[in-house]
Amino acid sequence: MNSLLRTCSTVLLILALLLTHACAFSAPTALAETTPPQPDNGVVLLFGIGIHIEPLGATTSQIVNGGVQNQFKRLGPDYHNLKLFQRHVQDIRTIAGIVEQHSGKLTVQAQTPFTQVAIQSGETILADFEKSGHEIALHFHEDAHLGRNSEQLPASTWAAVMAEEISLIKQAGAAEVRYWSGGNLYPHLLEAASQAGLEVMSDWKNRETQTTDKSLIGINPWRPAASPDGADVTGFAQHDPDGKIIFLPEGDYSRTDFPSMRRAKNTGGDEGYFEFLKASLYHSIESAQPDKVNVFHFTIHPGEFRGNSAQPYSILDRFLAEVVDPLVQNGSVEWATFSQMADAYEAWEKANPGIDPRGNNTTQANNYPPAAIDPASLGKVERDITYGVADGIALKMDIYYPKEASGAVPAVLYVHGGGWITGNKTAGAGVLEIPELVSRGYLVAAVNYRLAPRYKFPAQIEDVKCAVRFLRANAATYGIDPERIGAWGGSAGGHLVALLGVTDATAGLEGDGGYADQSSRVQAVVDMFGPSDLTTAFQGANPRLLERVFGTTDRYSETVKLASPVTWVSSDDPPFLILHGEKDRLVPLSQSEILHDRLIAASVPATLTVVKNAGHGFAPAGGPIDPSRLAITKMVADFFDQHLK
Ligand SMILES: [Zn+2]
Ligand SMILES: [Zn+2]
């Protein structure tokens, strides 16, 4: 892939179409017959179409380096060429006319020099569109506006150039700009966009491969916890209810075909692409949920669709008539601009505080890796047992009984992650270990705990400790040996089990959830990529998160120090197995190295396994992870076998 073309693979195609004479004619054929989904109780999919206006003939912003010519200036097609400009204005007006005939709405994403030429030539297309109910937004090519090495520029520079672009869109006639596309891979993108006043995005593609990360495929919007860091979308794919930006995934596209079909014009042509869109739209309606905001959108370009040179947009007209109109009529699809999708999501958020917007939707990354446990792999399961009461809240655990037991069995506690603010006992990286552990004769107790920001630390560790005391107090009831209790967890759950491992009652973290006469100590700990020293700076413990969880932005405060497992390490601590992805950007590997060093220095048996090619949650980053996920499960079970059997 040409590295100059960083945001849209389609730029290349448009250039090709403009530079060569495209005159292939394909006779209009009806889209293949399939039965559209029937309306389901209250299920609505918000549907919209975006248009990108590319930076043809752009010069780098004066803010960056004096507006020198860049590769976009040299490539050829240039909106300063009024003929091209007017042709694309006409193309966009034609597309809008078709969409309006189907009562639809566009989200037109503009940038310089299109906006500059519109201002200079008095072209009112953006103002006209906004008046007609379409949305005007920003499409942002980092190379075109920020030059080479844009990743190295500070967020404030990005924000200034984005604001400059927004200002030109407004001068060209739009009153409001909330949505943007582009800027993929910049590690401070969300911060920069938010500083520039933007609120909504979608369409994240890896600019190197021009593919969408599969963890971003889906229909339920969320608020990314962090910008993508390079190709690593781990933080981006995580939901943070206080995130500043709303992300709209594109729809429930086939996870195998999606990347290739995005470039279907190079392969199957317009017909193939719209067939793919139809199948994806139907599939998205089928996976839509009545109690969620569900979205589907795709993006087109002026200058596209020249398969039929006489009527280039007839394919779009047919798609809307044959596929979309019937769905609008039966109530399962509603047209929306991208900001209207975001408004619907915000309203849903207000009505559903504290609920993960993607819920049990396993197509999305909050469940990475796809963590559905096959019920056949489990024995008896008892859900929602109350293990304690704190702040008037009944604390719940699920108990997974061993598949076979003779006599008292060892127990292991599973503690989920989610930044201490989200997640639940049936989710997180560690649930994959449950079937193996129950088949090896363990009783597994998976716990919920009170979440921040409503409940500040130490509520979380108090609940986890209460769960251990509950198991001890009820050992006879559940058939477990109170002297053989272990714990494992990932991310924030890794932090909590590490803290559980290194502290006893003298740490003052027991809380008053119940069973005060019991010990909360455990005999073995598996910490997966958990923070261990919160006094060091890293993305997963940024000041805003510290504030929400620990009630302070001061990482050197006593609270944060006492919350750090490394503070408490002593020679009487139980054996630790620590697993951490080498490419984890949210919680860096150094967090596990620090803990491992402290444990070894205190003569505590400890093993650190660095998982190659793994990001946070062991998500593959740059190749298959090593050890494999299955091998990790075996290591965890072997470790507990060694210390609890
Ligand atoms: Zn673009
Ligand atoms: Zn584009």
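Each value in this text was obtained by applying a stated rule to the coordinates, not by laboratory testing. Computed from a prediction, not measured in an experiment: that's the story for all the values here. Note that each Cβ is placed from the backbone with ideal geometry, even for glycine, and that neighbours are counted across all protein chains shown.
Dipole check for the stretch 174-217: with +1 at the C-beta of Lys and Arg, -1 at the C-beta of Asp and Glu, and the Cα centre as origin, the magnitude is about 120 Debye. Taking amide hydrogens as placed 1.01 Å from N in the peptide plane, the amide H of ALA606 sits under 5 Å from those of PHE576, each at least 5 positions away in sequence or on another chain. Phi angles of the stretch 566-577 translate, via the Karplus equation with coefficients 6.51, -1.76, 1.60 and θ = phi - 60°, into HN-Hα couplings of 4, 4, 10, 4, 8, 5, 8, 6, x, x, 10, 10 Hz per residue; Gly and Pro are given as x.
Of the peptides 612-621, 324-333, the ranking by mean beta-carbon count within 10 Å, highest at the top, reads 612-621, 324-333. Here the peptides 603-610, 585-592, 288-295 are ranked by packing, the mean other Cβ count within 10 Å, and the order with the highest first is 585-592, 288-295, 603-610. Between the beta carbons of LYS131 and ALA537, assuming R0 = 45 Å, the FRET efficiency works out to 0.40 to the nearest 0.05.
Using only the C-alpha atoms, the convex hull of the stretch 490-564 corresponds to 96 Å³ per residue. Short-range pairs are left out: with C-alpha atoms under 8 Å and at least six residues apart, the relative contact order of the chain is 11 percent.
When the chymotrypsin sites (Phe, Trp or Tyr not before Pro) in the stretch 512-583 are filtered for DSSP coil states and for at most 13 other beta-carbon atoms within 10 Å of their beta-carbon, the remaining sites are TYR556. Here's how it looks for ARG585: its modeled amide H is under 5 Å from those of HIS616, which are all 5 or more places away or on a different chain. For the stretch 385-644, the relative contact order works out to 18 percent when only alpha carbon pairs closer than 8 Å and six or more residues apart are counted. Subtracting the Cα-Cα distance of GLU164 and GLN101 from their residue separation scaled by 0.36 nm leaves 19.3 nm. Applying 0.36 nm per residue to the separation of SER121 and ARG93 and subtracting their alpha-carbon distance, the gain on full extension is 8.4 nm. What is the Cα centroid distance between the stretch 276-320 and the stretch 566-588, reported in whole angstrom? Each part reduced to its Cα centre gives a spacing of 48 Å.
Grab the Cα-Cα distance for ASP291 and VAL610, subtract it from 0.36 nm times how many residues apart they are, and report the gain in nm with one decimal.
110.8 nm
For the pair GLN152 and THR506, label points projected 7 Å from Cα toward Cβ lie 5.2 nm apart. Per-residue 3J(HN,Hα) values for the stretch 286-300, derived from phi via the Karplus relation 6.51 cos²θ - 1.76 cosθ + 1.60 with θ = phi - 60°, read 5, 9, 5, 10, x, 9, 10, 8, 10, 10, 8, 7, 9, 10, 10 Hz in sequence order (x marks Gly and Pro).
Using a 10 angstrom Cβ neighbour count of at most 14 plus a DSSP loop assignment to flag exposed GluC sites (Glu not before Pro), which longest range of the chain is free of such sites?
Maximal segment without exposed cleavage sites: 405-645.
So if we plug the beta-carbon distance of HIS80 and ASP391 into 1/(1 + (r/R0)^6) with R0 = 60 Å, what FRET efficiency do we get, rounded to 0.05? Once the sixth-power term is evaluated, E becomes 0.40.
What's the FRET efficiency of ARG318 with LEU378 using the Cβ-Cβ distance as r and R₀ = 51 Å, to the nearest 0.05?
Once rounded, the FRET efficiency stands at 0.55.
For the chain, the residue among GLN460, PRO627, LEU577 whose Cα projects farthest onto the positive side of the dipole built from Cβ charges is PRO627. Directionally averaged projected area (the chain, Cα convex hull): 28.9 nm².
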